[in-house]
Amino acid sequence: MSTVVVVPDDDRSRPKWQLVLDDLEDRLASGDIDQRFPTDRELVERYGVSRHTVREAVRRLKARGVIERERGRGSIVKRPDLVQPLGTLYSLFQAVEAQGMTQTSEVIARDLQVDEAAADKLGLEPGTELFHLERLRHADGRPLALDTVWLPPDLGEPLLDVDFSHTALYDELESRLGVRPTAGQEVITPLVPDDDLRDLLDLEDDEAVLRIQRTSTIDDRLVECRITIVRGSRFSLVSTWPGEATVAPHVDGG
């Protein structure tokens, strides 16, 4: 195996592990590294650096959920279970099932309650009772996301008797009221999970999550405020431009 020089003579401004990490990320993105991840010895030989240097680069990939170690197989590349294009109003239920998995939900709450922040997002009075739905979403029986939704009462009250264990909110809106969101906006931010969230989503010690806040409209009316906390290791958003595709950091909805 030929050695790749990762520290050019004119570039001493960054640590060696960072240069190794940059190259590994490029190789992962291009598919040069696919399922089997190189051993520490192979990385030392390829990059001509110390074992400590490659281990630091590998440690950071593991912390980002990019690779994991399996007994008897060494390190393998982790690919997300779900890949969702950016710029589309999608349903998490449909996204899961479209990729051959079964989506189920554990309903934590389904009621009417006052939430001033959600009411403000929906352009309603602070004391308005909103339909509130909180679900722990699963894909093939494994926790995927914690999903909390608020709707205006005229849209939500007809849904109070719905069994949401295996159905999509948008489908129920369409079948019961003949309406469905036509547009939406999502704001995606990183979130450091607390112990309760780690237990609920069955997170690994170093697993990251994303907070996705969605507002949806029907025509010009705001009808949905949603906050989804999604496992970064199981969901990715993909953004595509003409002529090329780029995988964005990791992500939810419907």
Requested in this report: Six or more apart or on different chains, Cβ under 7 Å: which pairs go from a residue in the range 143-161 that's within 30 Å of Gly232 (Cβ to Cβ) to one that's open to solvent by 20 Å² or more (accessible area, probe 1.4 Å) and basic (Lys, Arg)? Could you list them?
Outcome: Leu159/Arg176
Query raised in the report: With (1) under 21 Å from Val66 (Cα atoms); (2) at pLDDT below 90 as the list, and Gly253 as the residue in question, which single condition is left unmet?
Result: (1)
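If you scan the range 190-224, which residues turn out to be closer than 26 Å to Val179 by Cα and assigned to a strand (DSSP E or B)? Show your work before the answer.
Of the range 190-224, the ones closer than 26 Å to Val179 by Cα are 212-224.
Listed by number, the residues that qualify are Ile212, Gln213, Arg214, Thr215, Ser216, Thr217, Ile218, Arg221, Leu222, Val223, Glu224.
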Query raised in the report: Taking the range 23-39, which residues are open to solvent by less than 60 Å² (accessible area, probe 1.4 Å) and of a type in the set (D, E, K, R)?
Result: Asp23, Arg27
Report task. Identify the single condition in (1) open to solvent by 60 Å² or more (accessible area, probe 1.4 Å); (2) modelled with pLDDT of 90 or more; (3) within 20 Å of Thr217 (Cβ to Cβ) that Ile188 does not satisfy, given that it satisfies every other one. Result -> (2)
Query raised in the report: If Leu155 passes every condition in (1) within 10 Å of Glu224 (Cα to Cα); (2) not in a helix (DSSP H, G or I) but one, which one does it miss?
Result: (2)
Query raised in the report: Looking at (1) crowded, with 17+ Cβ neighbours inside 10 Å; (2) touching a Gly at 6+ places or on another chain (Cβ under 9 Å), can you tell me which one His138 breaks?
Result: (2)
Requested in this report: Scan the range 17-32 and report the pairs whose first residue is under 14 Å from Lys78 (Cα atoms) and whose second residue is exposed (fewer than 11 other Cβ atoms within 10 Å of the Cβ) and of a type in the set (S, T, N, Q), with Cβ atoms within less than 9 Å and a gap of 6+ or a chain change.
Outcome: Ala29/Thr246
Report summary line: Scanning the range 204-226 for residues that are over 30 Å from Pro158 (Cβ atoms) and open to solvent by less than 20 Å² (accessible area, probe 1.4 Å) gives Glu207, Val209
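Among the residues of the range 161-177, write down those that are open to solvent by 60 Å² or more (accessible area, probe 1.4 Å) and either touching a strand residue (DSSP E or B) at 6+ places or on another chain (Cβ under 6 Å) or assigned to a loop (DSSP other than H, G, I, E, B) (or both). Even if it seems obvious, please write down each step before you answer.
First pass over the range 161-177, keeping only residues open to solvent by 60 Å² or more (accessible area, probe 1.4 Å): 161, 163, 166, 174-176.
The answer is Asp161, Asp163, His166.
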Requested in this report: Can you run down the residue pairs with Cβ atoms below 8 Å, 6 or more apart or on separate chains, where the first is in the range 198-226 and closer than 11 Å to Leu151 by Cβ and the partner is buried (at least 16 other Cβ atoms within 10 Å of the Cβ) and among the aromatic types (Phe, Trp, Tyr)?
Outcome: Glu224/Trp150; Cys225/Trp150; Arg226/Trp150
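The values are calculated or read from the model by the stated rules, or taken from the named source; none is laboratory data. Source: prediction; values computed, not measured. Neighbour counts run over all protein chains shown; Cβ positions are idealised from the backbone, glycine included. When the accessible area is computed, the model is the full protein with side chains, heavy atoms only, and any ligands, DNA or RNA have been set aside. Shrake-Rupley method; radii C 1.70, N 1.55, O 1.52, S 1.80 Å.
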